[in-house]
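Structure first, then comments.
The values are calculated or read from the model by the stated rules, or taken from the named source; none is laboratory data. Here the structure is a predicted model, which means the values were calculated and not measured. Cβ: placed from backbone, ideal geometry, glycine included. Neighbour counts: every protein chain shown.
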Amino acid sequence: MTEAVFFYTFTVLMLVSAGFVVLSRQPIYSVLSLLAVMFCLASLFVMLGAYVLAALQVLLYAGAVLVLFLFVIMLLNLEPERLARMRLFTLRSVGTAAAALFAFLLSQVFELPAGEPPLERVPAASGSIESVGRLLFTKYLIPFELTSFLILAAVIGAVTLGRRSPDE
Amino acid sequence: MITVTHYLIASVLLFSIGLIGILTRRNVLMILLCIEIMFNAANLMFVAYARGWADVGGQIVVFFIITVAAAEVTVGLAIAILLSRQLHTLNADEVSRLKW
């Protein structure tokens, strides 16, 4: 019962905030709504037993990625989006129809067999820092090391792109 | 009772909201934000299945997705800054040439 209350609270809050992200005209409000989405998602992760991921979600997404977004938006000094009225209407209706169709198809795909046990009878996959860390440094060691190359490439790429050329 | 399917449906809805955003917004920054929403919907699905099958491997995948998303956002925002500096626009429709 308690679980259902928390699940619906966080899910509804998450979906409404995500709707605000999409609909808001000012980018800064979108970023702040996305922050609410991240926190709701972190609480859903906790309910699913993924404690480490919930912490990472708050630290990495809410802490790092969204702050980066905020910096860039304030740096660029954006005005609200301008669009021709007709074009906006077409885009919105087509986009909404496509996404609704997509959601319908996905829900058909994920139709699970009836009689699925409720979550409290499923053994919790232990998402403690010990089990995740153990798996990360044994079975998934090579992908884990490869992410360091990826991040290095991203850093070099970002610095190269963001640097002003000397003749400017 | 809350089952894994509930989480999957929440994830599908979140993914569709992100898809609506990508298809309707023209600002490059907004498109990046909506991509983040879709990444997170995928993350929620991985964690839900990790719980449903009692396998921590799903959570490891989410760990890698978060890392890749952080790298993607860094480069994407650098490109956005470059666009506004060189073309003075962030509208995805106006950025249509490969070379100028």
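Within region A:1-32, the residues that satisfy the criterion of being in a helix (DSSP H, G or I), in contact (Cβ under 8 Å) with a residue 12 or more places away in the chain and among the polar types (S, T, N, Q) are A:Thr11, A:Ser17. Starting from region A:77-105, keep only residues that are closer than 26 Å to B:Ala80 by Cβ and assigned by TED's automatic domain parsing to the domain that holds A:Val31, then list their pairs with residues that are in a loop (DSSP other than H, G, I, E, B) and modelled with pLDDT of 70 or more whose Cβ atoms are within a distance under 6 Å, requiring at least 6 positions of separation or different chains. Matching pairs, first to second residue: A:Pro80/A:Arg25; A:Pro80/A:Gln26.
Scanning region A:16-31 for residues that are among the aliphatic types (A, V, I, L, M) and surrounded by fewer than 16 Cβ atoms within 10 Å (Cβ to Cβ) returns A:Val16, A:Ile28.
Results for (1) under 28 Å from A:Phe39 (Cα atoms); (2) modelled with pLDDT of 85 or more, shown as yes or no for each residue.
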residue	(1), (2)
A:Leu66	yes, yes
A:Leu83	no, no
A:Arg92	yes, no
A:Phe102	yes, no
A:Val122	yes, no
A:Ser128	yes, no
A:Thr147	yes, yes
A:Ala153	no, yes
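Against the test of being modelled with pLDDT of 85 or more and under 21 Å from A:Tyr29 (Cβ atoms), the options B:Leu32, B:Leu90 yield a single qualifying residue, B:Leu32. Do we find that A:Leu136 is part of a helix (DSSP H, G or I), facing chain B (nearest Cβ under 7 Å) and at pLDDT below 90 in this structure? Yes.
When region A:21-39 is filtered for residues that are over 14 Å from the mean Cα position of the chain (by Cα) and under 17 Å from B:Ser16 (Cβ atoms), only A:Leu23 remains. Only one of the listed residues (A:Ala55, A:Ala42) is modelled with pLDDT of 90 or more and within 19 Å of B:Leu13 (Cα to Cα). That residue is A:Ala42.
Of all residues in region B:1-42, those that are more than 10 Å from the chain's Cα centre (by Cα) and within 28 Å of A:Ser93 (Cα to Cα) total 21. The set of residues in region A:29-52 being more than 10 Å from chain B (Cβ to nearest Cβ) and closer than 18 Å to B:Thr24 by Cα consists of A:Tyr29 alone.
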